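Below: the structure, in structure tokens.
Values in this text are rule-based calculations from the coordinates and carry no lab data. Remember, it's a predicted structure, so these values are computed and weren't measured experimentally. Cβ coordinates were reconstructed from backbone atoms using ideal geometry, including for glycine residues, and neighbour counts include every protein chain displayed.
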Amino acid sequence: MNTQNVVGLKELRENINDYISQVDKGKSFIVVKRSKPIFKISPPMDDDNFWEPVVDFTRVKKGGVRLDDVLSRL
């Protein structure tokens, strides 16, 4: 395991935006807590079929939307 790609959980929490930027550029990290690996952060898969479209609820008009309209988009 490359020590450049290992980050402590506290370091990750304190500098999350820096690590998000690095992951966005393709870098992966093993996150450790008390010197034990607990999870890996890596960029999402490039497979277009892996991700499903999500409704952007921030664009919903005041008063909501009809259930039929939401279901028709699923």
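Checking every one of the trypsin sites (Lys or Arg not before Pro) in the range 23-74 against DSSP loop status and a limit of 10 other Cβ atoms within 10 Å picks out 25, 34, 61, 62, 66, 73. Put a dot 7 Å past the Cα of residue 28, heading toward its Cβ, do the same for residue 57, and the two dots end up 3.2 nm apart.
Rounded to the nearest 500, the helix-only mean residue ellipticity at 222 nm of the chain stands at -7000 deg cm²/dmol, with each DSSP H run of n ≥ 4 adding -39,500 (n - 2.57). The lysines whose alpha-carbon is closer than 21 Å to the alpha-carbon of residue 10, local same-chain residues fewer than 8 away aside, are 27, 33, 36, 40. Each Cα pair under 8 Å and six or more residues apart adds its sequence gap; the mean of these over the residue count of the chain is a relative contact order of 22 percent. Once Cα extents along the principal axes in Å is calculated for the structure shown, the corresponding label among [x] 46, 32, 26; [y] 51, 28, 21; [z] 52, 31, 19 turns out to be [y].
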